[in-house]
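The values are calculated or read from the model by the stated rules, or taken from the named source; none is laboratory data. This is a predicted model, so every value here is computed, not measured. Side chains included, ligands, DNA and RNA excluded: accessible areas come from the protein's heavy atoms. Shrake-Rupley method; radii C 1.70, N 1.55, O 1.52, S 1.80 Å.
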Amino acid sequence: MPTASVLFVCVKNGGKSQMAAALMRKTTGDRIAVHSAGTTPGSSLNALSMQVLGEVGAPTAGEYPKPIDPQLLTEVDLVVTLGGEARVDAPTGVRVENWDTDEPSERGIDGIERMRLVRDDIAVRVEDLATRLLSDADAR
């Protein structure tokens, strides 16, 4: 049974929030309920994002861009927005934190190398968050 829950949100729910969710699932298995959504979901997942997740064995099967479920938003322990553009008005009592993720394209790094750097940045943050959420759940 999951002991904590998190909702990762970016704008399109095709890249960064999907990466964070897949990496969290890989890290914690079923110990944390993991969800992802977009403020304005796109029509497909970012192929390079999915490729670099596959490189590290992070599960993405069955995933697709989806909007924020208002009911889910009231039930999760934490909402994590990725990047500066995604904005979520969470209900009272739901914690929200923002991850201003690395953007290698600002340094002229694109393509698969960009996605690997983004993945690795998110992976470090996911490891920290997993530790915090599991510690909080154990303290309950």
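Key figures
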read-out: Answer label for mean projected area of the Cα convex hull in nm² (calculated), chosen among (1) 9.2; (2) 11.5; (3) 8.1; value: (3)
read-out: For Ala4, distant residues with modelled amide H under 5 Å away; value: Ala33
read-out: Rounded to whole Hz, the Karplus (6.51, -1.76, 1.60) HN-Hα couplings of the stretch 17-31, x for glycine and proline; value: 5, 5, 4, 4, 5, 5, 5, 5, 4, 5, 6, 10, x, 9, 6
read-out: 1.4 Å probe accessible area per residue over the chain, in Å²; value: 51
read-out: Accessible carbon and sulfur surface of the chain relative to its total accessible area, %, 1.4 Å; value: 50
read-out: Rg [Å, one decimal], Dmax [Å, integer] - the stretch 79-140, C-alpha atoms; value: 14.5, 46
read-out: Principal-axis tilt of helix 111-139 within the chain, Cα atoms, nearest 10 degrees; value: 10
read-out: For Asp30, solvent-accessible area (1.4 Å; no DNA, RNA or ligand), Å²; value: 110
